[in-house]
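One structure below.
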């Protein structure tokens with residue numbers, strides 16, 4: 001009986017300890033979340049305040065009068081250098097450049113990965129290693145040679161030129177993603193399809209692509225984030241009408257005359273970051289799933 | 001009968017490694033050829049070479065009288081069932097089965113009627129709209145078979161199709177494959193490492209080891225007259241007893257002397273007038289060593305041996321005894337009175353004996 005009761009007390013103590021641990025864990029997680037959300041909070045609140053309020057109030061206080069003036073200014077009126085059209089035209093530039101670049105690099109990555117994983121040929125591993133090598137070359141290193149190549153191809157300063165740069169730079173990563181995913185697919189599948197009479201393209205289209213949704217999502221998120229957020233290539237290889245939104249944001253923030261319009265800067269920054277946030281929120285759960293899918297699939 | 005498959009002087013190398021060496025096999029229409037051997041012997045590679053999924057280094061593959069050596073798999077008129085089944089994961093069972101016809105541009109109506117026919121044959125009509133992921137191992141196996149059957153090819157190829165199934169299902173599917181073979185009269189090539197599958201299914205067996213054919217023959221030939229020690233040991237379960245012995249001529253035939261621990265040597269007299277070297281290896285299957293009085297015939301000789309271990313297996317009792325330095329398995333009737341540590345009189349059926357050269361391993365009689 002005594003044994004039983006002591007057993008009970010220790011068990012109770014153990015449970016209390018566990019609950020305390022859990023709460024402690026949540027507390028720490030909340031603190032971290034707050035820490036990371038703080039900048040976003042400041043950005044959001046500042047963008048909704050008037051300049052007057054920003055000057056007089058505290059950085060962390062909530063806006064007294066919510067106004068969207070800063071947002072509309074940022075979107076269509078803010079000045080980037082001498083032009084005052086806001087972010088809008090550059091936002092379109094970014095879309096026009098990201099969407100095809102993401103699509104082309106993903107498709108090429110899928111094809112490359114398919115060949116390297118399932119249609120091995122002499123030297124295919126070497127080619128894969130070289131592509132991987134491409135992932136580790138810093139952007140800055142290729143700036144000058146790339147500028148030269150774009151000049152030769154007559155694509156300097158154009159959106160297709162930027163698409164080309166991003167596709168070339170993205171293939172390494174997309175190939176890596178798809179190759180690692182396709183390597184887990186048994187070779188017998190290709191053999192069975194070959195015996196069934198299907199060829200290279202048919203097998204890719206009917207068997208591999210339908211299997212690839214998780215890794216396509218991963219690649220699209222990865223590429224879209226990279227390309228949309230890119231500044232260096234954007235600023236180096238574009239000219240007046242073809243600058244992406246990141247470059248325009250920089251210009252808005254850096255080229256104000258007179259009073260610094262913090263609310264407009266903040267609104268512009270949020271607008272510029274919106275698409276990647278949106279993509280991640282919509283497809284995020286596939287992202288985690290896709291990153292781990294390759295490892296568990298047999 | 002026409003020759004359906006002929007493999008001539010086939011060699012296969014991976015780099016400098018020789019996987020298959022000078023393979024020559026021919027089978028006729030309606031034959032069931034089983035390629036059997038331990039893992040790594042090249043049997044699956046040979047099947048892939050026949051299918052055209054592996055390029056061959058030298059030699060020819062003829063299917064239906066045509067030289068198919070440089071023809072791609074899809075034009076060889078073959079169907080193949082894989083060990084992992086290799087079902088297309090995103091397609092339903094019906095689509096899996098009709099994929100081959102779709103690729104070849106068979107019209108939809110023919111596809112559907114053939115699908116219905118095969119589904120009925122394999123009793124899988126209720127499964128047609130499911131995805132492979134929703135099927136059990138046995139059902140997947142059936143779908144894989146269906147995918148091959150629907151094609152109605154010249155040659156069926158099976159790459160260890162039963163090895164992923166549990167023991168009971170394996171025996172059921174084995175019978176089913178045998179029935180299909182009888183019903184269709186189709187020509188089949190089947191790879192397995194399981195010698196029982198080989199024995200039960202084959203009309204012709206090829207035993208492979210290290211990429212070299214050890215023996216080709218009917219199951220009975222392979223079982224009763226193994227050409228060398230490897231085949232003798234590999235085919236049959238429990239394996240053939242292989243006992244080192246010395247021979248000398250006697251008045252009536254050959255005297256065979258097998259050493260025993262702590263006992264006088266076992267002496268047997270083979271009356272068949274054979275010309276044997278002094279040192280031989282005597283091969284006797286467990287069922288050819290029985291309790292005295294249970295086997296009659298000209299070749300039967302009796303001798304008393306010490307019982308080592310008794311293993312009742314239901315229908316039979318396996319009794320071990322030590323002969324010639326090896327553990328010898330004998331297959332006795334279920335009600336035997338054999339007791340470990342006690343002597344027992346055994347009957348050795350020398351009418352079934354095999355002699356092997358201890359150095360080369362090849363058969364002597």
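The values are calculated or read from the model by the stated rules, or taken from the named source; none is laboratory data. Values in this document were obtained by computation on a predicted structure and should not be read as measured data. When we count neighbours, we look across all protein chains shown, and the Cβ atoms used for this are built from the backbone with ideal geometry, even at glycine.
A few remarks follow.
- Answer residue from region B:130-141, given it is within 12 Å of chain A (Cβ to nearest Cβ) and farther than 16 Å from residue A:196 by Cβ and is surrounded by the fewest Cβ atoms within 10 Å (Cβ to Cβ) among those: B:133
- Scanning region B:142-159 for residues that are farther than 12 Å from residue B:4 by Cβ, more than 11 Å from every other protein chain (Cβ to nearest Cβ) and not in a strand (DSSP E or B) turns up B:142, B:143, B:145, B:146, B:149, B:152.
- Among the residues making up region B:162-190, those that are free of Cβ contacts under 8 Å to residues at least 40 places away in the same chain and not in a helix (DSSP H, G or I) are B:162, B:165, B:166.
- Between B:35, B:47, the distinction of being at negative phi, outside any strand (DSSP E or B), touching a residue at least 24 places away in the same chain (Cβ under 8 Å) and under 18 Å from the mean Cα position of the chain (by Cα) belongs to B:47 only.
- Of the set (1) in a helix (DSSP H, G or I); (2) within 27 Å of residue A:226 (Cα to Cα), all apply to residue A:85 but (1).
- Among residues of region A:48-82, those that are exposed (fewer than 14 other Cβ atoms within 10 Å of the Cβ), closer than 18 Å to residue A:272 by Cβ and free of Cβ contacts under 8 Å to residues at least 40 places away in the same chain, counted: 2
- Applying the condition of being assigned to a helix (DSSP H, G or I) and free of Cβ contacts under 8 Å to residues at least 24 places away in the same chain to region A:95-125 and asking which residue is farthest from residue A:192 (Cα to Cα) yields A:99.
- Counted residues, region B:211-222 - those being within 18 Å of residue B:31 (Cβ to Cβ) and buried (at least 16 other Cβ atoms within 10 Å of the Cβ): 6
- Residue check, residue B:360 modelled with pLDDT of 90 or more, surrounded by fewer than 20 Cβ atoms within 10 Å (Cβ to Cβ) and either part of a loop (DSSP other than H, G, I, E, B) or not assigned by TED's automatic domain parsing to the domain that holds residue B:254 (or both): yes
- Highlighted here are the helices (runs of 4 or more DSSP H) found entirely within region A:126-203 that include at least 1 residues which are touching a strand residue (DSSP E or B) at 6+ places or on another chain (Cβ under 9 Å) and surrounded by 18 or more Cβ atoms within 10 Å (Cβ to Cβ): A:139-152, A:159-182, A:187-196.
- Residue match in region A:180-188 (condition: more than 14 Å from chain B (Cβ to nearest Cβ) and at pLDDT 90 or above): yes
- Any hit, region B:110-129, residues being crowded, with 17+ Cβ neighbours inside 10 Å, at pLDDT below 90 and assigned by TED's automatic domain parsing to the domain that holds residue B:25: yes
- Taken together, the criteria place residue A:210 among residues that are within 25 Å of the chain's Cα centre (by Cα), assigned to a helix (DSSP H, G or I), on the phi < 0 side of the Ramachandran plot and facing chain B (nearest Cβ under 7 Å).
- Any hit, region B:313-332, residues being outside any strand (DSSP E or B), modelled with pLDDT of 90 or more and touching a strand residue (DSSP E or B) at 6+ places or on another chain (Cβ under 7 Å): no
- Positions within region B:74-102 being crowded, with 24+ Cβ neighbours inside 10 Å, within 8 Å of another protein chain (Cβ to nearest Cβ) and assigned to a helix (DSSP H, G or I), in sequence order: B:99
- Residue list for region B:54-75, restricted to those being under 14 Å from residue B:10 (Cβ atoms) and in contact (Cβ under 8 Å) with a residue 12 or more places away in the chain: B:54, B:56, B:57, B:58, B:59, B:60, B:61, B:62, B:63, B:68, B:69
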